[in-house]
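Right, one structure below, let's go through it.
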Amino acid sequence: MSRQPMVFVLGVWALVSASLAGSFVHPVDEPALMSALAARSPLLAVERAGNRVVAVGLRGHIVYSDDSGTTWQQAAVPVSVDLLGVSFPGRKIGWAVGHGGVVLATRDGGATWAKQLAGKQAGEIAVRYYRSRHATTPEQARALEQAEAQLSRSGSQPFLDVLFESETSGFAVGAFNTIFRTEDAGKTWVPWMDRISNPQELHFYSVRGRQGRVFLAGEQGRVWRLQADAKKFVSIPTPYAGTFFGLVVAEPGILLAFGMRGAVYRSPDDGATWQKVAMSTVAGITAGAALPDGRIVLVDQGGAIHVSLDGGKTFLATRLNRPVPFNGVAPGSNGILILTGATGVYGVPLP
């Protein structure tokens, strides 16, 4: 090829590249696409908000239903990243979290959402916080080193779950020991990476609580319990070495941890002792919920619904006519169970 055509081709490529670069909008700044099929897109978590149910999922999709899953409306969401967790301490005020270091908040029951954190903001908050305290303890020094490394390496870490105990106080947790606390409804967030025993920087996949009892679960069979007075999480030994995907906190003192290959472990005393629960599946258990009537429900990647009538000691499995991998479960109204999965969100009669 002669020099002149080569220069022409390079010039055209430069113009195309500049055009593409100029048109690119990061998913944390791109509103979710409105779609009539949003409720049938992959959705990953679901939560009750009073009589409403709200589900979150891929590409920033959030949908809500006021009739236990018969009809769904799509929410206005300012991001198009995948959303992984949602929490409503009451009817109107709630939070959702996901990739790109995103924390969203709503004040109208999930119809509209606003960003509280996104992109590098959480990492920058952590670095500033620990630098301002001069990393005076070994835990703070390690947390500062972790925050600086993550900020320089990737800029943001995904938040994998969220729990608000009240309309002002909550936790957002995620990959590589990421944990933030707010006590002012998300106006400010404080890193808690120095307030937990997790030197391996394992991922936190779940944060769950009930009446002041708050627990985390993650990799390598690890569970942590909040010591509220000391404002820190302490590790609880379990007999499991695999990954825990989630927790169910029930009464009185009942704690279930579940995860890979159908693994379910039950504690009757908030983690002091554990027993393995016999399950009829080897599929990963992905989500669970304690129902108002005392029943406990778990769902799995094989499309099964597991229901316990005895506080999680035993479970009976049921499959839908057309099972799909499930990712989330929440109680609806009038005996309806709300399920999220690869093909959207559904309301089904409780087995």
- Qualifying positions in segment 263-286 - assigned to a strand (DSSP E or B) and of a type in the set (A, V, I, L, M): Val264, Ile285
- Message: With the requirement that a residue be open to solvent by 10 Å² or more (accessible area, probe 1.4 Å) and of a type in the set (Val, Ile, Thr), what does segment 330-344 give you?
- Response: Ile336, Thr343
- Meets criteria (closer than 18 Å to Ser41 by Cα and either in contact with a strand residue (DSSP E or B) (Cβ under 7 Å, 6 or more places away or on another chain) or in a strand (DSSP E or B) (or both)) for Val324: yes
- Report yes if some residue within segment 319-341 is under 27 Å from Ala241 (Cβ atoms), out of contact with any Phe, Trp or Tyr (no Cβ under 8 Å at 6 or more places or on another chain) and charged (D, E, K, R); otherwise report no. no
- Per the filter on segment 232-256, residues in contact with a helix residue (DSSP H, G or I) (Cβ under 8 Å, 6 or more places away or on another chain) and either touching a residue at least 24 places away in the same chain (Cβ under 8 Å) or not aliphatic (A, V, I, L, M) (or both) are Thr238, Pro239, Tyr240, Gly242, Thr243, Phe244, Phe245
- Item | Residue that is modelled with the highest pLDDT [pool: residues in segment 251-262 that are open to solvent by 10 Å² or more (accessible area, probe 1.4 Å) and outside any helix (DSSP H, G or I)] | Ile254
- If you check Asp293 against the conditions, is it of a type in the set (Asp, Glu) and at pLDDT below 95? yes
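Let's see how each residue does on (1) in contact with a Phe, Trp or Tyr (Cβ under 7 Å, 6 or more places away or on another chain); (2) touching a residue at least 60 places away in the same chain (Cβ under 8 Å); (3) open to solvent by 80 Å² or more (accessible area, probe 1.4 Å):
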site	(1), (2), (3)
Gln116	no, yes, no
Ala122	yes, yes, no
Ile125	yes, yes, no
Arg128	no, no, yes
Arg131	no, no, yes
Ala135	no, no, no
Ala147	yes, no, no
Arg153	no, no, yes
- If you scan segment 51-67, which residues turn out to be open to solvent by less than 30 Å² (accessible area, probe 1.4 Å) and over 15 Å from Gly328 (Cβ atoms)? Gly60
- Give the residue that is nearest to the chain's Cα centre (by Cα), with candidates limited to residues of segment 114-133 that are under 20 Å from Phe171 (Cβ atoms) and polar (S, T, N, Q). Gln116
- Query: Across segment 73-85, what is the total count of residues that are open to solvent by less than 40 Å² (accessible area, probe 1.4 Å), touching a helix residue (DSSP H, G or I) at 6+ places or on another chain (Cβ under 7 Å) and either under 26 Å from Ser156 (Cα atoms) or part of a loop (DSSP other than H, G, I, E, B) (or both)?
  - Reply: 5
- Note on the structure: Residues in segment 182-212 that are touching a Phe, Trp or Tyr at 6+ places or on another chain (Cβ under 7 Å), among the hydrophobic types (A, V, I, L, M, F, W, C), open to solvent by less than 30 Å² (accessible area, probe 1.4 Å) and outside any loop (DSSP other than H, G, I, E, B) total 2
- Here are Thr70, Thr112: which of them is of a type in the set (Ser, Thr, Tyr), in contact (Cβ under 8 Å) with a residue 24 or more places away in the chain and in contact with a Ser or Thr (Cβ under 8 Å, 6 or more places away or on another chain)? Thr112
- Message: Of the residues Pro42, Pro27, only one is closer than 13 Å to Ala342 by Cα and either surrounded by fewer than 24 Cβ atoms within 10 Å (Cβ to Cβ) or in contact with a helix residue (DSSP H, G or I) (Cβ under 7 Å, 6 or more places away or on another chain) (or both); which?
- Response: Pro42
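The values are calculated or read from the model by the stated rules, or taken from the named source; none is laboratory data. All values reported here derive from a predicted model rather than from experimental measurement. Quick reminder, even Gly has a Cβ in these numbers, built from the backbone with ideal geometry, and neighbours come from all protein chains shown. Side chains included, ligands, DNA and RNA excluded: accessible areas come from the protein's heavy atoms. Shrake-Rupley method; radii C 1.70, N 1.55, O 1.52, S 1.80 Å.
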